[in-house]
Amino acid sequence: MPDLLIELFSEEIPARMQGKAREDLKKLITDGLVEAGLTYAGAHALSTPRRLTLAVEGLTAESKSVREERKGPATTAPEQAVQGFLRSTGLTMDQLEVRDAGKGQAYFAVIEKPGRKAADIVAEVLEGAIRTFPWPKSMRWGSGSLRWVRPLHSILCILSDEGGAEVVPLDVDGIASGNTTRGHRFLAPEAFSVTSFEDYAAKLKRAKVMLDPEERAEHIWHDATNAAFAAGLEVVEDKGLLTEVAGLVEWPVVLMGRIGEDFLGLPPEVLQASMKEHQKFFSCRNPKTGRIEGFITVANNEPADHGATILAGNQKVLSARLSDAKFFWENDLRTVAHTGLEGMAEGLANVTFHNKLGSQKDRIDRIEALAREIAPLVGAKPDLAAEAARVAKADLQSAMVGEFPELQGTMGVYYAKAAGLPDAVANACKEHYQPLGPSDAVPSDPVSVAVALADKVDTLTGFWAIDEKPTGSKDPFALRRAALGVIRLVLANKRRMALHDHFSEQLLRNDMAIATAQKRHHDEKAKKFKEETASGVTSFSLGVATVTRELDGRKVDARSPDLLAFFHDRLKVHLRDEGIRHDVIDACLAMPGNDDLTLLVKRAEALSAFLKTDDGGNLIQGFKRANNILSQAEEKDGVEYSFGADPKFAEDETERTLFAALDTAEAAIQPAMKAEDFGAAMSAMASLRAPIDAFFEAVQVNTDNEIVRRNRLNLLSRIRTICLSVADLTKLEG
């Protein structure tokens, strides 16, 4: 069984595209081979900046012959049907067979496909893959029609076994396949031939090419950490940058440089961002001071002067970059000293957040109002939360964030501390953006929590107010992420808050923002109209109509339940990852107070744990049996059996035992539910399992004695009422 080796050799492939390109090449080729009837033992794809490589082991030498029989139309069928069958099979009329087919005779086609050699199949599949390769961006060059990410120079394609290697012949726009490749562009540019993957990898290594991107990354990290350690520093870990740099070089050579004294006073994040963004440098930190004092650059060459010339050039460019950063930093500090951080934020009045929701300043005002309301619920001082909300986004107006947008929030912390603001306010400038994703840290400082919740709730209610909700896979305003952020903030900090109240308040504020934006637009049009016609215009009213609905004894905005349902969907995903079934969550969502996420999850966790016990599972079956019998009887009789169960009508000892058990359970469940001790409530409910089982084994509910039957149905109603007081068990599956 031969092995297949493919190399597509080109000009430099952008590092960000290499990972997906490897997977695409592997999938296109292996899927094509299998579809054509070949099998293989294994395949792996590799890449360097100038080549995509695929090695397929244990490929079958040829595809098997295939014989297929297909039944066609009856011999009496119209000519049109027969001709369609011929076209689908690729046969002629004289190649069809006539056979008995039950109720008459029909045409049959016998299609025989002979096996094909692997080389023919590989050539066909590879050419198709090259011509249809899904690059995010591609280009044409010369006079050909072929598109590739960068000009394609050569195609290496060989099949090798114990007898040797053979070139798989194919030609793509004048590029003929062969068995040769080239090494490093500068260190070993000469062409050489290969006979197998092992030969190919070994010769590339001698030609100064590390073929495996993971090997290059490990080599870079190893040498970088050693170089930094020797200088008394440590490399700041950045896996994304490491992957990118490994995709920029074929023969990585690590060089270490020092940052000029003039720039050591810059915040570490500024140095890191500048070096990473512009020059792909790794930052080196002094573990004693926490300052960034050095950098690691990776050359794609072996310089004769041990990198002195390269480092000199890099440091010259770096100094220019850091001079700009230093200017931005000092300019921002002067602004803060002159106007304060709130003064810096004033410019956000001229920055549009959304054309229907007003400016960033309008949004900050809404966040401030909500943060003040939320603060007592999360243990923060309202005035401190309001102050944090006013300055949390001030750094969006800074020169530094204008140059490095990824530093928003981070720079706000530095500017807030420079302005002499409390640490809680300063830290909220960064932490109010968190959590940014399912694995991001959740703030715990009360001020940060208050502003983070206000920020995310305002985002959600704002886009709900203008009907910009997520649809399918589309979520342009990251509302799913915002909802998950609220969920994690509330649950991680174990905070109690009724979301409907805050949704309603913020929806109203957003309605006012929409009306204000409309008035502003109207006034601008009116002014223009007045200037052009010198005539009066109709005034604009800011009246905002709010539709409310009754929910759990509260009046809430009519849009709030829809927004809460969106939260519940996100909560199901979140809790599913923690092992809580969706039907358990549904059973708890059906209860009052489902806009209190902490209470809701507490109930769901207790029910989930209860269902994992034998008593829990068996009790649910008993409840469902009782509920089914009762529901059928109520439907049949047209009455509701919801009261009047009396022990004096009990005929069997199991009935009297069940009456007593229900009294005991109810006496324990009611105070437990009032205290929100769901575990205790469900333990009390579990005590009903044995008496319910015994009751159903001993008595017939629908007895001929109408008084006894009605009493027993009312007894089942008590079982249903007590069990449903804990959670809506009818929602549970199985």
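Any residue in region 547-563 that is surrounded by 16 or more Cβ atoms within 10 Å (Cβ to Cβ) and at pLDDT 90 or above?
Yes, that holds for at least one residue.
Quick one: which of L46, L25 is under 16 Å from V125 (Cα atoms), buried (at least 20 other Cβ atoms within 10 Å of the Cβ) and in the same structural domain as K137 (by TED's automatic domain parsing)?
L25
Residues checked against (1) assigned to a strand (DSSP E or B); (2) in contact with a Gly (Cβ under 7 Å, 6 or more places away or on another chain); (3) among the charged types (D, E, K, R):
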{"residue": "T39", "(1), (2), (3)": "no, no, no"}
{"residue": "H44", "(1), (2), (3)": "yes, no, no"}
{"residue": "V56", "(1), (2), (3)": "yes, no, no"}
{"residue": "L59", "(1), (2), (3)": "no, no, no"}
{"residue": "K64", "(1), (2), (3)": "no, yes, yes"}
{"residue": "R67", "(1), (2), (3)": "yes, no, yes"}
{"residue": "K71", "(1), (2), (3)": "yes, no, yes"}
{"residue": "Q80", "(1), (2), (3)": "no, no, no"}
{"residue": "F85", "(1), (2), (3)": "no, yes, no"}
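Give me the residue from region 102-112 that is among the small types (G, A, S) and in contact with a strand residue (DSSP E or B) (Cβ under 7 Å, 6 or more places away or on another chain) and, out of that set, farthest from E68 (Cα to Cα).
Step by step, filter region 102-112, then rank; the result is G104.
Looking at (1) surrounded by fewer than 21 Cβ atoms within 10 Å (Cβ to Cβ); (2) β-branched (V, I, T); (3) closer than 30 Å to K494 by Cβ, find the lone condition where T352 falls short.
(3)
From A43, A36, A129, which residue is under 30 Å from E166 (Cβ atoms) and without any contact (Cβ under 8 Å) to a residue 40 or more places away in the chain?
A43
Looking at the structure I just gave you, is L460 crowded, with 23+ Cβ neighbours inside 10 Å and touching a helix residue (DSSP H, G or I) at 6+ places or on another chain (Cβ under 6 Å)?
yes
Inspect all residues belonging to region 483-490 and state whether any of them is in a helix (DSSP H, G or I), modelled with pLDDT of 75 or more and over 29 Å from L729 (Cβ atoms).
yes
So, S444, is that one polar (S, T, N, Q), assigned to a helix (DSSP H, G or I) and either in contact (Cβ under 8 Å) with a residue 40 or more places away in the chain or buried (at least 18 other Cβ atoms within 10 Å of the Cβ) (or both) or not?
For S444, the condition - polar (S, T, N, Q), assigned to a helix (DSSP H, G or I) and either in contact (Cβ under 8 Å) with a residue 40 or more places away in the chain or buried (at least 18 other Cβ atoms within 10 Å of the Cβ) (or both) - is not met.
Look through A191, A231 and report the one residue that is in contact with a Cys (Cβ under 8 Å, 6 or more places away or on another chain), among the aliphatic types (A, V, I, L, M) and surrounded by fewer than 19 Cβ atoms within 10 Å (Cβ to Cβ).
Only one candidate passes the filter, namely A231.
Filter region 169-195 down to the residues that are in contact (Cβ under 8 Å) with a residue 60 or more places away in the chain and of a type in the set (V, I, T), then identify the one that is nearest to L126 (Cα to Cα).
For region 169-195, the residue satisfying everything is T181.
Going through L211, L146, L152 one at a time, which residue ends up being crowded, with 17+ Cβ neighbours inside 10 Å and more than 23 Å from W251 (Cβ to Cβ)?
On inspection, the qualifying residue turns out to be L146.
Do we find that I707 is farther than 30 Å from R496 by Cβ and surrounded by fewer than 15 Cβ atoms within 10 Å (Cβ to Cβ) in this structure?
When the stated conditions are applied, I707 passes them.
Could you tell me which numbered condition L146 fails, if it satisfies all but one of (1) in a loop (DSSP other than H, G, I, E, B); (2) within 25 Å of T297 (Cα to Cα); (3) among the aliphatic types (A, V, I, L, M)?
Every condition holds for L146 apart from (2).
Quick check on region 413-434. Is at least one of its residues crowded, with 23+ Cβ neighbours inside 10 Å, assigned to a helix (DSSP H, G or I), touching a residue at least 60 places away in the same chain (Cβ under 8 Å) and not aliphatic (A, V, I, L, M)?
Looking for residues that are crowded, with 23+ Cβ neighbours inside 10 Å, assigned to a helix (DSSP H, G or I), touching a residue at least 60 places away in the same chain (Cβ under 8 Å) and not aliphatic (A, V, I, L, M), one finds at least one in region 413-434, hence yes.
Determine whether region 236-244 contains at least one residue that is modelled with pLDDT of 95 or more, touching an Asp or Glu at 6+ places or on another chain (Cβ under 6 Å), within 24 Å of A45 (Cβ to Cβ) and surrounded by 19 or more Cβ atoms within 10 Å (Cβ to Cβ).
No, the conditions are met nowhere in region 236-244.
Being charged (D, E, K, R) and either within 30 Å of Y414 (Cβ to Cβ) or touching a helix residue (DSSP H, G or I) at 6+ places or on another chain (Cβ under 7 Å) (or both) is the filter here, so list the residues in region 298-319 that pass it.
K316
Give me a count of the residues in region 304-338 that are surrounded by 15 or more Cβ atoms within 10 Å (Cβ to Cβ), more than 19 Å from F404 (Cβ to Cβ) and of a type in the set (V, I, T).
Of the residues in region 304-338, 1 are surrounded by 15 or more Cβ atoms within 10 Å (Cβ to Cβ), more than 19 Å from F404 (Cβ to Cβ) and of a type in the set (V, I, T).
Among the residues in region 378-394, are any modelled with pLDDT under 95, among the acidic types (D, E) and not in a loop (DSSP other than H, G, I, E, B)?
There is no residue in region 378-394 that is modelled with pLDDT under 95, among the acidic types (D, E) and not in a loop (DSSP other than H, G, I, E, B).
Taking region 245-297 on its own, how many of its residues are closer than 20 Å to M411 by Cα and among the polar types (S, T, N, Q)?
4
Which is assigned by TED's automatic domain parsing to the domain that holds D199 and either surrounded by 15 or more Cβ atoms within 10 Å (Cβ to Cβ) or at pLDDT 95 or above (or both), of L126, L91, L86, L96?
Just one listed residue meets the conditions, L126.
Mind checking which residues of region 632-650 are surrounded by 14 or more Cβ atoms within 10 Å (Cβ to Cβ) and either β-branched (V, I, T) or more than 14 Å from R718 (Cβ to Cβ) (or both)?
Selection gives A633, E634.
Tally the residues that are touching a His at 6+ places or on another chain (Cβ under 6 Å) and in a loop (DSSP other than H, G, I, E, B), restricting the search to region 286-321.
Residues in region 286-321 being touching a His at 6+ places or on another chain (Cβ under 6 Å) and in a loop (DSSP other than H, G, I, E, B): 0 in total.
The values are calculated or read from the model by the stated rules, or taken from the named source; none is laboratory data. The structure presented is a predicted model; accordingly, all values stated were derived computationally and were not measured. Here the Cβ is made from the backbone with ideal geometry for all residues, glycine too, and neighbour counts use every protein chain on show.
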